[in-house]
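The values are calculated or read from the model by the stated rules, or taken from the named source; none is laboratory data. Just so it is clear, the structure is predicted and the values come from calculations on it, not from any experiment. As a convention, Cβ positions derive from the backbone with ideal geometry for all residues, glycine included, and neighbour counts pool all protein chains shown. When the accessible area is computed, the model is the full protein with side chains, heavy atoms only, and any ligands, DNA or RNA have been set aside. Shrake-Rupley method; radii C 1.70, N 1.55, O 1.52, S 1.80 Å.
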Amino acid sequence: MTIIHNRPLDDIAETAPTLAGNAFTRAFSGGSLWRLIGMLVLILILGFLTIYPLAMLLYGSLHSTPPGMAGEFNLNGYRSIMTTQNLIVLANTIGISLAKTIPSLTIAVFLAWIVARTDTPFRGTLEVLITLPFFIPPILTAMAWGMLANPQVGVINMVWRWATGATDPLVNIYSYGGVIWHMCQYSIPFLFLFMVDAFRAMDPSLEESSRMCGASRWTTFRKITLLLMLPVLTSSFMLSFIKGIETFESALFFGLPAGIKVITTDIYESINHRATPDYQYATSLSFAIMGLMFLLVIWQWWMLRGKSFQTVTGKGFRPSVMELGPWRWVTFAFCVLFFFITVVLPIGQLMLGSFFRFFGFYTYDMLTLEHYRNVFANSEFWRAVRNTMVLGLLGATATMALGAIVAYISVRTRWRGRNLIDSMAWLPWMMPGMVLGVGFLWAFAMLPGPIPIYGTIWALLLAYIALGTPVSVRVMTGAYHQLSYDLEECSRVHGATWAQTMWRIMVALAWPAFAVGWVLTFFGIMRELSASILLYSVGSETLAVVLMKLWANGNAEQVSVIGLMMMLLVIVFRWVQLSFIKARISKL
Amino acid sequence: MASVTLENVSRMYGAITAVDNVNLKIKSGEFVTLLGASGCGKTTTLRMVAGLEKNTGGRISIGDNVVSDSDKGYFVPSERRRLGMVFQSYAIWPHMTVFDNVAYPLRIRRRPDTEVRDRVMNALRLVEMEQYAERPSPALSGGQQQRVAIARALVFEPEVLLLDEPLSNLDARLRTQMGDDFRALQQRLKITALYVTHDQAEAMALSDRVVVMHGGKILQVGAPEEIYRRPENRQVAAFFGTPNLLNATVKDCRPNGGQYYKLSVEGQGWSGDCHAATEMPKGADVTVMVRPENLHVRDAGQVNGDLSWSGEVSQAIFRGSHRSIMVKTPAQTLHVEASSLSNVDIGRPVTVAAPVEAAWAVRN
Ligand SMILES: Nc1ncnc2c1ncn2[C@@H]1O[C@H](COP(=O)(O)OP(=O)(O)O)[C@@H](O)[C@H]1O
Ligand SMILES: [Mg+2]
C-alpha cells in the first residue's frame with residue numbers, strides 16, 4: 001500500500017547531509033561493537049526470511065528432485081516451463097491483470113472524487129463503507145460469489161430465471177469476466193484508499209486559477225486536474241497491475257473450473273494437483289514470475305522518477321467542494337450501490353447459505369441451525385480459530401517490530417549496512433505469496449534435522465513475517481520521515497539517554513503509524529491463502545485453509561457459517577481501528 | 001480597465017453570514033484594499049467578484065456589465081469575467097514551466113504562437129522574471145512564484161486584477177519590496193486592483209482607498225490618511241496601531257470653517273480642544289483619539305499645545321527608531337512615541353501635549 005509513498009532514492013540522498021551532522025549519530029558511534037553485533041543479528045534474521053528462501057528457490061529450480069533426495073543439477077525445470085501452453089498462461093496473467101486494472105482505476109478515481117471533492121451527502125460514512133471490501137478476505141467474497149453467480153443454482157441466476165422465464169443463466173462467475181469481476185471488488189477500494197488523500201490534498205486554487213485564466217470546467221479538468229493527478233494515477237496503475245499478477249484467489253476459484261490458468265494457479269496446481277508434485281517445474285516457474293515482477297518494479301520506478309508534485313500548500317488553503325445540486329444524490333446512490341454489491345450481497349449470501357440445509361434449495365422447510373451446531377462442535381474449526389488468532393497477533397507484532405527497527409536504521413542513522421537491510425526487507429515485495437511459499441517449502445526442508453520448523457505453525461509465522469515486512473518498513477519509514485530530528489536531538493540535549501529518547505519520543509510519536517500498520521498486517525495475515533495452503537499441515541491449519549478444504553469437499557453450508565464468523569471479525573476489527581486509531585490507513 | 005460595483009452584496013454559509021450587505025464602487029484604475037482581521041469576510045467578497053463563489057444576495061457589476069444578480073438568478077462564470085487573480089498560495093501549476101504558466105491564459109484563448117511569445121516575455125519582463133522563463137515552476141522561491149502569478153494574471157490584460165493576501169507568504173523584507181514594486185506597476189499600467197490583506201501597514205502603503213471590514217460589514221471606506229487620522233468610530237480607530245483613546249464630555253461645539261467641527265472637551269483632570277466630523281451636542285460622551293507619535297513630552301507646567309495632561313513618566317523603552325514613553329496621568333496612562341534622542345528619567349513629573357489637529361473625537 002505504501003510502496004509508492006516511499007521517497008525516491010534521490011530524496012533520501014537529499015536528507016543525508018543533515019543526517020551526517022546529526023548529534024545523535026555522533027554520540028552513538030562510541031558503542032560500535034554492540035552496533036555491529038546488532039546489525040549482524042538483524043542481517044541474519046532478514047537473510048533467513050528473504051535471501052534464504054530465494055536461494056532455495058533457485059536451488060530447487062536447478063535440482064532434479066525434491067528436497068532431501070539424491071538428484072542432479074540440470075536445466076530441465078526451465079526447459080519444461082518454455083511451452084506454448086505457458087505462453088497462454090502468461091498472456092492470461094497479464095491480460096487479466098490489465099483488464100481488471102483499467103476499470104478498477106476508473107471507478108476508484110470516480111469514488112475518490114466523489115468523497116474528496118464533491119458535496120455528496122454523508123461522505124464520511126460512505127468513505128468507511130466503500131473501503132470495507134478491502135479488509136474482507138478475498139476467499140470469503142470468492143466463495144460467496146461462487147454461490148451467488150453459480151450458473152445453475154446461484155441466487156442471481158435463479159431470480160433472473162424466475163423473473164424473465166429464461167432458461168439460460170444471466171451471469172456465469174466461472175469465466176474470464178468472473179475472475180476480473182472478483183479482482184475488481186478488491187482493487188477498487190484498495191486504489192481508492194491509495195488515491196483519496198491525493199484528491200483531498202490538492203489545493204483547489206490550482207483549478208480556480210485556471211478558471212480565472214478563462215478555461216472552462218472541462219478544459220481545467222483536462223489540462224490541470226488530470227495532469228496534476230497523473231503521477232498518483234500512474235503509480236496506482238502500476239501498483240494495481242503488479243498486485244493483479246500476484247493474485248491467487250480469484251483465478252483459483254473462478255479461473256481453474258473454467259480452464260483459465262494464470263501463473264500463480266499453475267504453480268499451485270503443479271504442486272498440489274498432480275499425481276507426483278513437480279517441484280522443479282514449480283520452482284522454475286516461481287523464479288520466472290519473480291523475473292517478471294522485477295521488470296515491472298523497475299519499469300514502475302522508471303516511470304515515476306522525479307514525477308511527484310507537491311500540490312499541498314498550507315496557507316490560504318480553502319477546502320472547496322463542488323456543489324453538485326440534485327446530482328449529489330446520484331453520486332450518493334453510486335457509492336451505496338458499490339457497497340451493496342461488494343459487501344451486502346456476499347454477506348447476504350453467506351447468511352442464506354448458513355441457514356438452509358442444502359445450498360441452492362431455499363425453501364421454508366429447509367431452514368436449519370444444524371450447520372452452526374456442526375461447525376461449533378468441530379474441533380478442527382476451533383483449532384483453526386486459535387491458530388489464526390495466534391498467528392495474527394504474533395505475526396503482526398513481530399512484523400511491525402522488525403519493520404520499525406529496519407526503518408529506523410535506514411532512515412535515521414548513517415550506520416554502515418543500512419542500505420543492505422533496507423533492500424533485504426524490500427525483497428519479498430517482488431515475491432507473490434505463492435512464490436514465497438514455495439521458497440519456504442524448500443527452505444524448511446533443507447534445514448538440518450534438529451530444527452523442526454516444517455509442518456508447524458512457526459513455518460506459517462515466518463512466511464507471514466517475510467510477506468508483511470515490506471509494507472511494515474514502508475509504514476514506519478513514512479512515520480519517521482515526518483518526525484523532525486529536532487525532537488530527537490532536543491530530548492538528548494535535555495539529558496535523556498539514547499534508550500530513553502527512543503522510548504519517550506520515537507515510540508510515543510511513531511506509535512499511531514505502528515498501530516495502523518499492525519492492524520493492516522493483521523488483516524493481511526487473516527486473508528493470506530496462497531502461502532498458507534502450501535505450508536500448512538495437519539494441526540496448523542488457519543481459518544482460510546479450513547475454508548478451502550470444506551469448499552473442496554463441497555460443503556458450502558459450513559463454509560457460509562465460518563465465512564460469516566470471519567466477516568464479523570473483520571467488521572469488529574475495522575470498527576475498533578476506526579474508533580481508536582483515528583489515522584486513516586491511507587495516511588500512512 | 002473597468003470599474004467594479006457591489007450593490008447590497010451578501011453571502012450566507014448556512015446560518016453564518018460571511019458577507020453582510022456590502023456596497024462598494026471601485027473606479028477604473030483605482031487600487032482598493034479590503035482590510036480586516038482574519039475571518040471578517042474579505043476573501044469571500046473577493047471570490048464573489050471573481051465568480052468563484054455565488055453571492056446569495058445583491059448585484060455585482062464589472063464595467064457596465066452585470067456579472068451576478070442573485071434576485072434574477074443571473075451568474076457569469078469565472079472564466080467569462082475577464083479578471084486576473086493572484087491567489088494567496090500563488091497557485092502556480094507545478095507541472096509546467098514558468099513560460100507555460102504565464103502563457104496559459106493566452107493559449108486558452110487560442111492566440112497565435114508568436115503573439116503568445118511576445119506577450120509572455122513582456123509580462124515576465126514587467127515582473128523582472130524573463131531570465132527564468134524556461135525554469136520548471138517548482139524550482140522557484142516564494143517571491144519568484146509571486147511574480148510569476150502576477151505576470152500570469154496580467155498577461156491577457158484583464159479588466160480587473162484581484163489579489164488575495166499575495167504578500168503574506170513572503171518574509172518581511174521581501175514583502176515591503178514586492179509591495180512597492182507592485183504599486184509602481186499598478187500605477188504605471190493603470191490597472192483596477194482589488195486587494196485583500198489583514199496587514200494595515202501594507203494596506204496604507206499600497207492603496208488609493210482602504211475598505212475596513214468587520215464581521216462581514218464595511219466599517220469605513222476612505223483614503224489611507226483619512227482612515228488613519230479621522231476614523232468614523234472607535235473600532236476603526238483602534239484597528240490601526242495603538243492609539244490613546246480617552247473618554248471625555250463635550251463642553252462646546254462650533255464649526256471650524258472647514259469640513260470639521262471644533263470641540264472643547266473635558267476629561268478626568270484635563271481639558272482642551274479637538275476636531276470631530278459631526279456636530280455634537282453639549283454634554284455628549286465622546287472618545288478622543290490621540291496617536292502616540294503626535295504627543296510631545298515637556299517639562300512639567302510648560303504648556304504649548306491645544307491639549308495637555310500632567311503626569312509622571314512610568315516607563316521608557318528604547319526601540320531604535322523611537323522611544324516609547326508611558327506617562328501616568330490622572331485620566332489614564334498615555335503612550336507617547338518620542339524621538340529616540342530624547343532622554344527622560346522614570347518618575348519625573350512631565351506635561352504631555354498635543355496640537356488640535358492631532359486629536360480626533362468620535363461619538364461613543
Ligand atoms: N465554505 C465555507 N463554509 C462555511 N463558512 C465559510 C466558508 N468560507 C468562509 N466561511 C466563513 O466565512 C467567514 C469569512 O471568511 P473569509 O472570507 O475567508 O475571511 P477572511 O478572508 O477575511 O479571513 C468566516 O467566518 C469563515 O469561517
Ligand atoms: Mg482570507
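Quick rundown of the values:
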{"read-out": "Hits in the range A:463-472 - residues which are touching a Phe, Trp or Tyr at 6+ places or on another chain (Cβ under 7 Å) and of a type in the set (A, V, I, L, M)", "value": "A:A463"}
{"read-out": "Test result for A:K261, open to solvent by 20 Å² or more (accessible area, probe 1.4 Å) and assigned to a loop (DSSP other than H, G, I, E, B)", "value": "yes"}
{"read-out": "Criterion: more than 16 Å from ligand 2 (Cβ to nearest atom), assigned by TED's automatic domain parsing to the domain that holds B:H214 and farther than 24 Å from B:L219 by Cα - qualifying residue of B:G29, B:G84, B:G57", "value": "B:G84"}
{"read-out": "Single condition A:R117 does not satisfy, out of (1) more than 25 Å from A:W426 (Cα to Cα); (2) at pLDDT 90 or above", "value": "(2)"}
{"read-out": "A:S240 within 16 Å of the chain's Cα centre (by Cα), at pLDDT 90 or above and in a helix (DSSP H, G or I)", "value": "yes"}
{"read-out": "Entirely in the range B:1-105, the strands (runs of 3 or more DSSP E) that have 2 or more residues that are away from ligand 1 (no atom under 15 Å from the Cβ) and open to solvent by 10 Å² or more (accessible area, probe 1.4 Å)", "value": "B:4-13, B:16-26, B:57-62, B:65-69"}
{"read-out": "Residue match in the range A:308-323 (condition: over 24 Å from the mean Cα position of the chain (by Cα), modelled with pLDDT of 85 or more and either loosely packed, with under 15 Cβ neighbours inside 10 Å or in a loop (DSSP other than H, G, I, E, B) (or both))", "value": "no"}
{"read-out": "Total residues in the range A:176-234, condition among the hydrophobic types (A, V, I, L, M, F, W, C), more than 26 Å from the chain's Cα centre (by Cα), surrounded by fewer than 24 Cβ atoms within 10 Å (Cβ to Cβ) and within 8 Å of another protein chain (Cβ to nearest Cβ)", "value": "4"}
{"read-out": "Unmet requirement for B:R175, which otherwise passes all of (1) in contact with a helix residue (DSSP H, G or I) (Cβ under 9 Å, 6 or more places away or on another chain); (2) over 19 Å from A:S209 (Cα atoms); (3) away from every other protein chain (no Cβ under 14 Å)", "value": "(3)"}
{"read-out": "Residue match in the range B:218-231 (condition: under 25 Å from B:G311 (Cα atoms) and not aliphatic (A, V, I, L, M))", "value": "no"}
{"read-out": "The range B:276-292, residues that are within 21 Å of B:Q332 (Cβ to Cβ) and either surrounded by 13 or more Cβ atoms within 10 Å (Cβ to Cβ) or not assigned by TED's automatic domain parsing to the domain that holds B:S339 (or both)", "value": "B:A276, B:A284, B:V286, B:T287, B:V288, B:M289, B:V290, B:R291, B:P292"}
{"read-out": "Lone qualifier among A:A425, A:A459 - being in contact (Cβ under 8 Å) with a residue 40 or more places away in the chain, touching a Gly at 6+ places or on another chain (Cβ under 9 Å) and aliphatic (A, V, I, L, M)", "value": "A:A425"}
{"read-out": "Boolean, A:D197 is assigned to a loop (DSSP other than H, G, I, E, B) and under 30 Å from B:F87 (Cα atoms)", "value": "no"}
{"read-out": "Residue count, the range B:268-314 (criterion: hydroxyl-bearing (S, T, Y) and in a loop (DSSP other than H, G, I, E, B))", "value": "1"}
{"read-out": "Boolean, B:R59 is at pLDDT 95 or above and among the basic types (K, R)", "value": "yes"}
{"read-out": "Qualifying residues in the range B:88-105 (those that are closer than 16 Å to A:T219 by Cα and at the interface with chain A (Cβ under 9 Å from one of its Cβ atoms)) - the one nearest to ligand 2 (Cβ to nearest atom)", "value": "B:W93"}
{"read-out": "Listing of helices (runs of 4 or more DSSP H) fully contained in the range A:101-190 that carry 2 or more residues being of a type in the set (S, T, Y)", "value": "A:123-135"}
{"read-out": "Criterion (over 30 Å from A:R305 (Cβ atoms) and within 14 Å of chain A (Cβ to nearest Cβ)) met by exactly one of B:A37, B:A50", "value": "B:A50"}
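Residue-by-condition table, conditions (1) more than 16 Å from ligand 1 (Cβ to nearest atom); (2) closer than 20 Å to B:D20 by Cβ; (3) at pLDDT 95 or above:
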site	(1), (2), (3)
B:K190	yes, no, no
B:L194	no, yes, yes
B:G215	no, yes, no
B:N233	yes, yes, no
B:A238	yes, no, no
B:T242	yes, no, no
B:L245	yes, no, no
